Amino acid sequence: MSKCGKYDYDLVTIGGGSGGVRASRWAAANAGQKVAVIEMPFNPLSSATAGGLGGTCVIRGCVPKKLFVFGSGFHHDFEDARGFGWDFNEPKLDWKVLQEKKHKEITRLNGIYGNMLKGANVDSIEGSGKLLDNHTVQVTGPDGSTRNVTASNILIATGGTANKLNIPGAEFGITSDEALTLDEVPKKVVVIGGGFIAVEFAGIFNASGAETHIVYRQPTPLRGFDEDVRTTVGENLSKRGINVHAGANPVKIEKAASGKLTLTLDKGGPVEECDLVMFATGRSPNTNRPDLGLKEVGVELTKSGAIKVDEFSRTTAEHVWAVGDVTNRINLTPVALMEGGAFVATCFQDNPTKPDYEYVPSAVFSQPPVGTVGLTEEQVVQKGMSCDVYISSFKPMKSALSGRDEKFLLKVIVDVPTDRVVGMHMVGADSSEIMQGMAVALKCGCTKKQLDSTVGIHPSSAEEFVTMRTPTRRVGSA
């Protein structure tokens with residue numbers, strides 16, 4: 001039941017992305033609160049004055065990126081089809097059609113988010129929000145006009161923003177925001193970065209017909225993922241025709257009179273005559289674009305610029321909360337949704353609830369993709385655990401006829417004293433779909449004995465998860 005009393009609202013949320021919308025809807029629909037969401041006008045490109053309901057994931061992140069993964073991935077399907085007897089003229093991607101359909105879809109989803117808020121009786125306020133005190137937010141509208149709204153509680157869910165490296169010529173490069181709105185496929189592109197965004201976009205550009213280069217400073221991509229996964233993905237990048245520059249750091253970007261770009265590296269020769277340089281060098285919490293007024297009300301930030309929160313998403317300022325990427329915990333849409341729901345239970349339903357970060361699955365939509373849940377081999381060693389590691393690396397059945405030179409990887413990590421499965425990792429087709437089910441198993445405390453007693457589906461790649469019997473190695477403390 002609403003208790004806003006002297007305030008305009010029980011809750012005002014700054015930011016209409018996944019976490020903010022989830023929290024606002026549930027607070028209104030499930031807890032009977034009077035709620036408003038402040039979000040900037042819709043635009044595929046994020047800026048200090050543009051955003052849109054749905055946030056990064058829906059408008060300029062997960063959703064459009066996955067559509068591009070689907071769209072570009074047909075290139076490899078066509079290649080494989082010839083090995084199965086298909087004969088056809090060389091197919092051609094119409095990038096403009098893909099862009100138009102993508103834009104139509106994210107516009108539709110943006111509208112759905114608005115309708116969901118309306119259906120829950122949440123007020124949508126267009127503009128940017130700035131905290132004036134612990135109960136007051138100043139809203140600056142698209143026309144520059146301002147007004148104040150008050151609330152018993154304020155939730156900050158402003159997400160993150162893409163980074164560029166601080167190197168000479170950085171202004172000539174783009175980020176994932178712009179990459180998702182390109183009018184045409186560049187003939188030659190270099191992606192800077194080795195994280196999941198870099199790997200995914202390298203795959204998209206490559207499969208769309210661009211000569212693609214990827215530059216990362218470590219020997220393998222995907223820092224933080226299991227080392228066997230990293231090695232396999234690195235090998236697959238090269239086998240798919242992507243030019244990999246591992247162990248190299250970008251030094252500068254230069255633009256010629258012709259408009260062509262040259263990326264100079266600290267190792268190896270420069271990457272010359274590029275049409276596009278894309279930075280995929282991480283994201284930062286969106287705490288200063290525009291000014292949120294955090295410092296003035298006592299909201300402390302971490303060294304990374306994220307909002308500092310406790311285990312219940314409370315900031316250091318009373319009545320001010322934060323969820324999602326702006327807190328830099330686990331920056332995934334489903335995690336922001338979880339945090340938003342936990343916030344509502346804690347703040348409005350007299351049920352203090354901590355977000356549960358154990359066994360959060362994740363995926364990398366590289367080509368082929370990665371699915372993972374639980375601990376990596378390196379993490380169990382760091383924790384001093386004793387674990388058996390089971391690995392199966394093989395060419396999938398499809399390759400027998402397609403001729404594709406590429407390996408899948410399946411890996412299971414088992415805690416020896418308890419027999420509990422603590423990590424599962426896969427590189428291969430449908431790995432993200434497969435890993436969602438495995439996440440349920442790990443969450444339920446699945447043991448290796450239970451995996452072994454499960455009948456597999458044959459022929460499939462996933463059956464390897466339940467047929468590996470002999471450990472590849474034992475790691476960690478004895």
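The values are calculated or read from the model by the stated rules, or taken from the named source; none is laboratory data. Computed from a prediction, not measured in an experiment: that's the story for all the values here. Backbone-built Cβ (ideal geometry, glycine too); neighbour counts: all protein chains shown.
So the values come out like this:
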| quantity | calculated |
| --- | --- |
| Pairs with Cβ under 8 Å, 6+ apart, first in region 239-261 and touching a residue at least 12 places away in the same chain (Cβ under 8 Å) and among the polar types (S, T, N, Q), second surrounded by fewer than 13 Cβ atoms within 10 Å (Cβ to Cβ) and part of a loop (DSSP other than H, G, I, E, B) | 249/266; 249/267 |
| Of all residues in region 363-382 being touching a residue at least 40 places away in the same chain (Cβ under 8 Å) and surrounded by fewer than 18 Cβ atoms within 10 Å (Cβ to Cβ), the one that is farthest from the chain's Cα centre (by Cα) | 381 |
| Residues of region 10-29 that turn out to be more than 22 Å from residue 292 (Cβ to Cβ) and out of contact with any helix residue (DSSP H, G or I) (no Cβ under 7 Å at 6 or more places or on another chain), as a count | 2 |
| For residue 296: the one exception among (1) part of a helix (DSSP H, G or I); (2) touching a residue at least 24 places away in the same chain (Cβ under 8 Å); (3) surrounded by 14 or more Cβ atoms within 10 Å (Cβ to Cβ) | (3) |
| Residue ranges of strands (runs of 3 or more DSSP E) in region 119-238 with at least 2 members over 19 Å from the mean Cα position of the chain (by Cα) and farther than 30 Å from residue 77 by Cβ | 123-126, 128-133, 136-140, 146-156 |
| Sole residue being surrounded by fewer than 18 Cβ atoms within 10 Å (Cβ to Cβ), touching a Ser or Thr at 6+ places or on another chain (Cβ under 8 Å), modelled with pLDDT of 95 or more and assigned to a helix (DSSP H, G or I), chosen from 105, 79 | 79 |
| Enumeration of residues in region 117-155 that are out of contact with any Leu (no Cβ under 9 Å at 6 or more places or on another chain) and closer than 30 Å to residue 179 by Cα | 125, 126, 127, 140, 141, 142, 143, 144 |
| Within region 387-478, strands (runs of 3 or more DSSP E) holding 1 or more residues that are touching a His at 6+ places or on another chain (Cβ under 7 Å), surrounded by 16 or more Cβ atoms within 10 Å (Cβ to Cβ) and in contact (Cβ under 8 Å) with a residue 24 or more places away in the chain | 408-415 |
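Table: residues versus (1) assigned by TED's automatic domain parsing to the domain that holds residue 302; (2) of a type outside the set (Ser, Thr, Tyr); (3) part of a loop (DSSP other than H, G, I, E, B).
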residue: 244; (1), (2), (3): no, yes, no
residue: 252; (1), (2), (3): no, yes, no
residue: 258; (1), (2), (3): no, no, yes
residue: 262; (1), (2), (3): no, no, no
residue: 267; (1), (2), (3): no, yes, yes
residue: 289; (1), (2), (3): yes, yes, yes
